[in-house]
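No lab work stands behind these numbers, since they all come straight from the coordinates. This is a predicted model, so every value here is computed, not measured. Heads up, the Cβs are rebuilt from the backbone with ideal geometry, glycines too, and the neighbour counts pull from every protein chain shown.
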């Protein structure tokens, strides 16, 4: 499946804001989806709807770094309810979550690619159809593997 990653390629030592996608084997934790745009996809993963007040903390100095938060939130964060379609499906990956290490990267998701497959801030993206096909066979214990690359 065609994918896009961060503009800096991959890195074994991912750091917050470095534009790389972390190298490793990451568990597929759960699926988040936009219920106003699509029905819950068929998958064996735990599934939750994204709500307008959902966010994800990306501030390494905050106690909820690399965790979901409710908006408004005082620390730096990402909005999960976006006007574009890239977060219509979000697979939360088990990157820097057990335990969370401040500054080691946050909000590294598998989500929907832009039509031009533009680079991400560090996430992995697939076309909507490919992501739906992958989700249909995904379940607890499945992982995504990111290998070392050289930036294009």
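By the count of neighbouring beta-carbon atoms within 10 Å, fewest first, 26, 117, 109 end up ordered 117, 26, 109.
GNM on the chain, alpha-carbon springs under 10 angstrom: the most fluctuating residue among 60, 49, 83 is 83.
To the nearest 500 deg cm²/dmol, what mean residue ellipticity at 222 nm is calculated for the chain from DSSP H runs of n ≥ 4 alone, each contributing -39,500 (n - 2.57), summed and divided by the residues? Please list the in-between numbers first.
Details: 1 runs with 10 residues, N = 152.
Theoretical 222 nm ellipticity from helices: -2000 deg cm²/dmol.
Modelled this way, with points 7 Å down the Cα-to-C-beta line, the labels at residue 82 and residue 2 are 1.8 nm from one another. Here the Gaussian network model covers the chain, with springs between Cα atoms less than 10 Å apart; of 55, 105, 129, 129 fluctuates the most.
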